[in-house]
Amino acid sequence: MKNLNSKITDLFIVKFIKGVKPEKKVTDPVIRRKYAYLEAYVSIVGNLLLAAVKTVLGLFLNSISLLADAAHTASDVLTSIVVLLGFKMSSSPADEKHPFGHGRIELIATLIISAMLFIVVFEFAKSSYERLLSNTAVKGSFVVALIMVLGAVFKEWMAQFSADLGNRTRSSTLIADAWHHRTDSIASILVAVAIVASHFGYYKVDAVFGLIVSALIVYTGIDISKESISQIIGEVPEEDELNDIEKAALSVSGVHSIHKVNVHSYGNHKEISLHVQVNNDMSLVKAHDISERVERAIEANMSCKATVHIEPLEEIS
């Protein structure tokens, strides 16, 4: 299933991004941005269609959980617009006040997405609670329930599509958008169950599931916020990233080992500093040459600026 989804993603890349071949790991900022735009446009079109269908059905059935689900889907359109703006602004070049570029705007965009979710969820949680108390009648329809299940399947595909592009570009924003889709998929399943229950006269199930949908949105918003804030504060680099840095550094002749590796992320751009150990009797000129070669080796494999500090190799007694 995973290979099938990956192949579908490859087809979309070939079809809608001219001159770009599908890659499993994207480091080029321009191509990375094109991948993000593709994810956003697919999400916008898909969510607009689903939100329209859910809204019409929700009004027809007088279902608060279905309307809440429609709003959740519609909010994903806004988040995709934020994704577009976030990637566009984060690609702005470095300037005097921002020497490391504007990459972290991507993370700020993710926080905006979370804030938008919280605003939407408050109103629907309130409406669901009021309807729970009043036991308002809701029309039940097996056909509509089936449509909701089909919508859930489509949203799960969108989630996997976004996650695949997010993993390829190592973008937390695209991964967050993928979780939006997945939460919406789960919510649609819950709404389908509520509609079937209402068919048999259990109207409060609709209100209860409206609250559950709201809770899912809150959970998603909190999770996305925590992830973005953590990255803005600064995180320990991932193990595979450290391995890539070490592999590049050790590929340079004369390097014995590395340590004290620090990685500061600014969106797709990274500032990397590390200590490199060389022979004690090496000349200053040669050691400096090695440091520059290590920097070039790391920068050739990653979108970063590397800074190397040379140290003499400690003798083992």
| In the stretch 75-82, is there at least one residue being touching a residue at least 40 places away in the same chain (Cβ under 8 Å), in contact with a Gly (Cβ under 6 Å, 6 or more places away or on another chain) and within 20 Å of Gly166 (Cα to Cα)? | no
| query | Of the conditions (1) of a type outside the set (D, E, K, R); (2) without any contact (Cβ under 8 Å) to a residue 40 or more places away in the chain; (3) on the phi > 0 side of the Ramachandran plot, Gly267 fails just one. Which one is it? | reply | (2)
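Matching residues to (1) part of a helix (DSSP H, G or I); (2) surrounded by fewer than 17 Cβ atoms within 10 Å (Cβ to Cβ); (3) in contact (Cβ under 8 Å) with a residue 40 or more places away in the chain:
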position	(1), (2), (3)
Leu38	yes, no, yes
Ala52	yes, yes, no
Pro93	no, yes, no
Ala109	yes, no, yes
| field | Qualifying residues in the stretch 238-290 (those that are more than 33 Å from the chain's Cα centre (by Cα) and closer than 29 Å to Ala94 by Cα) - the one surrounded by the most Cβ atoms within 10 Å (Cβ to Cβ) | value | Val276
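Here's a check for you: in the stretch 171-185, which residue that is touching a residue at least 60 places away in the same chain (Cβ under 8 Å) and over 8 Å from the mean Cα position of the chain (by Cα) is nearest to Lys226 (Cα to Cα)? Spell out how you get there, then give the answer.
As a first pass, look at the stretch 171-185 and keep what is touching a residue at least 60 places away in the same chain (Cβ under 8 Å): 171-174, 176-177, 180-181, 183-184.
If we keep only those that are over 8 Å from the mean Cα position of the chain (by Cα) as well, we get 180-181, 183-184.
On the way: His180: 15, His181: 18, Thr183: 17, Asp184: 20 Å.
Once the filter is applied, the top-ranked residue is His180.
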| message | The conditions are (1) under 30 Å from Pro312 (Cα atoms); (2) touching a Lys or Arg at 6+ places or on another chain (Cβ under 7 Å), and Ile232 fails exactly one of them. Which is it? | response | (1)
| request: Filter the stretch 213-236 down to residues that are among the β-branched types (Val, Ile, Thr), surrounded by fewer than 20 Cβ atoms within 10 Å (Cβ to Cβ) and touching a helix residue (DSSP H, G or I) at 6+ places or on another chain (Cβ under 7 Å), then give me how many there are. | output: 2
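Quick one: is Val213 under 30 Å from Val121 (Cβ atoms), hydrophobic (A, V, I, L, M, F, W, C) and under 27 Å from the mean Cα position of the chain (by Cα)?
Working: under 30 Å from Val121 (Cβ atoms): yes; hydrophobic (A, V, I, L, M, F, W, C): yes; under 27 Å from the mean Cα position of the chain (by Cα): yes.
Spelling it out, Val213 is indeed under 30 Å from Val121 (Cβ atoms), hydrophobic (A, V, I, L, M, F, W, C) and under 27 Å from the mean Cα position of the chain (by Cα).
Going by the conditions given, is Lys226 under 30 Å from the mean Cα position of the chain (by Cα) and not assigned by TED's automatic domain parsing to the domain that holds Leu59? It would help to see each step written out before you state the result.
On the way: under 30 Å from the mean Cα position of the chain (by Cα): yes; not assigned by TED's automatic domain parsing to the domain that holds Leu59: no.
Against the criterion (under 30 Å from the mean Cα position of the chain (by Cα) and not assigned by TED's automatic domain parsing to the domain that holds Leu59), Lys226 does not qualify.
Quick grid of which residues meet (1) modelled with pLDDT of 80 or more; (2) crowded, with 21+ Cβ neighbours inside 10 Å; (3) part of a loop (DSSP other than H, G, I, E, B):
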position: Glu23; (1), (2), (3): yes, no, yes
position: Tyr41; (1), (2), (3): yes, no, no
position: Val45; (1), (2), (3): yes, no, no
position: Asp69; (1), (2), (3): no, yes, no
position: Val77; (1), (2), (3): yes, no, no
position: Ser80; (1), (2), (3): yes, yes, no
| request: Hey, can you tell me all the residues within the stretch 272-287 that are at pLDDT below 90 and under 18 Å from Phe100 (Cα atoms)? | output: none
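The values are calculated or read from the model by the stated rules, or taken from the named source; none is laboratory data. These numbers were taken from a predicted model, which means no experiment stands behind them. When we count neighbours, we look across all protein chains shown, and the Cβ atoms used for this are built from the backbone with ideal geometry, even at glycine.
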